[in-house]
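Remarks on the structure that follows.
The numbers here are math on the coordinates, done by the rules we state, and not lab data. The structure presented is a predicted model; accordingly, all values stated were derived computationally and were not measured. Cβ sites come from the backbone with ideal geometry, for glycine too, and all protein chains shown count toward neighbours.
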Amino acid sequence: MGNLHIKNDTFSHGNETIKRMKNVDYWVPLMTELLPIFTEVEVRCWKNETELILLIKPFAHTIRIETDLVIFTMPLTQKLKDLFLKSSNDTNNIRWFSLHFKKNGYHICSVEHYGVELHFNQITKADSIHIQSFFQNDTVFNYSE
């Protein structure tokens, strides 16, 4: 078992890592497959993201405020799954600053910085290869056991 880190705003070119326009085309296909696995989610929004805060607040079981972030924790219901599947927007971002998905209390996946970075914890090499197939071939992946 190992961990996979994906940097979605860079690509590999020989020995160089080069910045690029991020692409969230992976979002719907990957989340369609993964969301049924997860049981809980933690959503982090910036305090000034009022529209998103009002959208997610009715689902929250707990709400914490840390400096400039509002952090919501909740079970992952079908309504939330549907909401997250529709969460990419016209600016080629995921609407949420940070999503932390869990299964039965164990942290499995984080989607950070509006979809730029993803982290998968305690997954097999085969699962890592499958997850990577949702991204452009030149995306930077780091799997470590």
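Each label point was placed 7 Å from the Cα along the Cα-to-Cβ direction; for Leu55 and Asp127 their separation is 2.8 nm. Over all Cα atoms in the chain, the spread is summed up by Rg and Dmax: 15.2, 48 Å.
Which net charge results when you count Lys and Arg as +1 and Asp and Glu as -1 among the other residues whose beta-carbon is under 13 Å from that of Ile53?
Working: positive: Arg44, Lys47, Lys57, Arg64, Arg95; negative: Glu49, Glu51, Asp68.
Overall, the nearby charge balance is +2.
On full extension, the segment bounded by Thr39 and Leu85 gains 15.0 nm, given 0.36 nm per residue less the C-alpha separation. For the stretch 34-88, the Kirkwood hydrodynamic radius comes to 11.6 Å, computed from all pairs of different C-alpha atoms. Summed over qualifying helices (DSSP H, 4 residues or more, each -39500 (n - 2.57)) and divided by its residue number, the chain shows a 222 nm mean residue ellipticity of -5500 deg cm²/dmol.
Residues within the reach of a label modelled at Asn23 (point 7 angstrom out along Cα to beta-carbon, backbone nitrogen below 18 Å), restricted to the stretch 110-139, are 115-118, 130-139.
Note on the chain: with a GNM built from Cα contacts shorter than 10 Å, the maximum mean-square fluctuation among Glu33, Glu51, Glu42 falls on Glu51. In loop segments of the stretch 92-134 as defined by DSSP, there are no chymotrypsin sites (Phe, Trp or Tyr not before Pro) with at most 12 further C-beta atoms inside 10 Å of their C-beta. Neighbours of Ser98 by Cβ distance under 12 Å: Lys/Arg scored +1, Asp/Glu scored -1, total -3. Filter Lys86/Lys125; Lys79/Lys125; Lys47/Lys103; Lys102/Lys125; Lys7/Lys125; Lys57/Lys103 down to the pairs with a C-alpha to C-alpha distance above 24 Å, please. Correct reply: Lys86/Lys125; Lys79/Lys125; Lys47/Lys103.
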